[in-house]
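Peer 1: Just dropping this structure here.
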Amino acid sequence: MYNILNDAFKKRYAVPQFNTNGMIWMESILKTAKKCRAPVIVGTTDKIVDQLGGFRLLAQTFRLMKEELNVTVPAVLHLDHGQAVERCFEAVDAGYDSVMYDGSKLSIEDNVENTKRVVEYAHRNGVTVEAEVGSVGGTEDGVYSDMLYADLNECIQLVQETSIDSLAPALGSVHGKYKGEPNLGFKEMEKLRFTLDIPFVLHGASGISDEELEKTISYGHAKINYNTELNIAWSNALRKNLMENPELHNPMEVLQPSKDALNQTIEKVIKRTGAYQQA
Ligand SMILES: [Zn+2]
């Protein structure tokens, strides 16, 4: 992950993180990244890990799938919004390439303290760490959060005291669908960019315009997380197929249009973030 993020950071493009909701997602992300010769990040939220069989199953499936599909572009597995220090340890032990520790709901002191523990363990095992300050709004994993702009001094404190590899400063983005227009804090981004020489991560990118996306990348966002956009494309295609063909029951036929929709959306996003043909 370190190399993936730093290459993007230097060359001013962003690597998309796509969250997986199962084998179909993982396969689609890896195949499309290979086709587009793009580096890619597969994310698993804390909750989905349990729903899909646990850290070890996911890490080994990911590794084997890369082998079976002969994926040679850089593709890494990342724990998204790890809710506890121990969960991050579990992911490291299982073979994840990268973890996010999300202590954004804690005081900055506790966030720093816990993030430090994760960094120490992860770095010892060659795993990178992302951390968050402020709060990305909206609903993720069924948990609702109010949007809270990151405090710039807290961002600086977290980066300087913990040796994290990337920072997710919440600056107006939202998980899930935006209610009204997104209101990203570009002034804050600019200030932060002048102060910190570290790749930033944008959460909740589904629904952000191309122009805003370009701006966030110019301010050093090297990892951009997508989930909702994929899931909308997936479910719309599934709904349409079943409505138009009510007699369908063969799972492969039921699911094919959704798989195609996933592939197309992933390719679109890879082109949008500039990751296309960067591998
Ligand atoms: Zn997120």
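Peer 1: Could you work out, for the chain, what percent of all Cα-Cα pairs fall into each 10 Å distance bin, beginning at 0 Å and stopping at the bin that holds the largest distance?
Peer 2: Bin by bin from 0 Å, the calculated values are 7, 30, 38, 19, 4, 1.
Peer 1: Please arrange I48, I270 by counting, for each residue, the other beta carbons lying within 10 Å of its beta carbon, fewest first. Please list the in-between numbers first.
Peer 2: On the way: I48 18, I270 26.
Ordered by Cβ neighbours within 10 Å, fewest first: I48, I270.
Peer 1: Please report the relative contact order for the stretch 2-273, taking Cα pairs under 8 Å with a sequence separation of at least 6, and give it as a percent rounded to a whole number. Mind showing how you got there, number by number?
Peer 2: Details: 508 pairs, mean separation 50.6, N = 272.
Relative CO of the stretch 2-273 lands at 19 percent.
Peer 1: Additional query: At a threshold of 8 angstrom on Cα-Cα distance, excluding pairs fewer than six apart, so keeping six or more, what relative contact order does the stretch 113-162 reach in percent?
Peer 2: Details: 40 pairs, mean separation 14.9, N = 50.
Rounded, it is 30 percent for the stretch 113-162.
Peer 1: Ordered by packing density, taken as the mean number of other Cβ atoms within 10 Å over each peptide's residues, highest first, how do 258-265, 207-214 rank?
Peer 2: Numbers: 258-265: 18.8, 207-214: 15.1.
With the highest mean Cβ count within 10 Å placed first, the list reads 258-265, 207-214.
Peer 1: Same structure, new question: What percent do you get for the relative contact order of the stretch 58-177 when only Cα pairs under 8 Å and 6+ apart count? If you can, show how the numbers build up before the last one.
Peer 2: Values: 209 pairs, mean separation 25.3, N = 120.
Relative contact order for the stretch 58-177 comes out at 21 percent.
Peer 1: Continuing with the same structure: How about K187: which aspartates and glutamates have a C-alpha closer than 13 Å to its C-alpha, ignoring those fewer than 8 places off in the same chain?
Peer 2: D151, E212
Peer 1: Rounded to whole Å, give me the distance from the Cα center of the stretch 107-128 to that of the stretch 243-261.
Peer 2: Cα centres, the stretch 107-128 to the stretch 243-261: 44 Å.
Peer 1: Find the centroid of the Cα atoms in the stretch 1-73 and in the stretch 137-189, then give the distance between the two in whole Å.
Peer 2: 23
Peer 1: Something else: With θ taken as phi - 60° and the coefficients 6.51, -1.76 and 1.60, list the Karplus ³J(HN,Hα) couplings across the stretch 238-254 in order, rounded to whole Hz; mark glycine and proline as x.
Peer 2: 5, 4, 4, 4, 6, 5, 6, 10, x, 8, 4, 8, 5, x, 5, 6, 5
Peer 1: Let me ask you something else. Determine, for each peptide in 216-223, 121-128, the mean count of other beta carbons within 10 angstrom over its residues, then list the peptides with the highest first. Intermediate results must be reported in sequence, preceding the final value.
Peer 2: Values: 216-223: 22.1, 121-128: 16.9.
Averaged packing, sorted descending, gives the order 216-223, 121-128.
Peer 1: Under a 10 Å cutoff between Cα atoms, tell me which one of A170, A14, A59 has the largest fluctuation in the Gaussian network model of the chain.
Peer 2: A59
Where a number appears in this text, it was derived from the coordinates with a stated rule and is not lab data. Model, not experiment: these values are computed from the prediction. In this analysis, Cβ positions are derived from the backbone assuming ideal geometry, glycine residues included, and neighbour counts consider all displayed protein chains.
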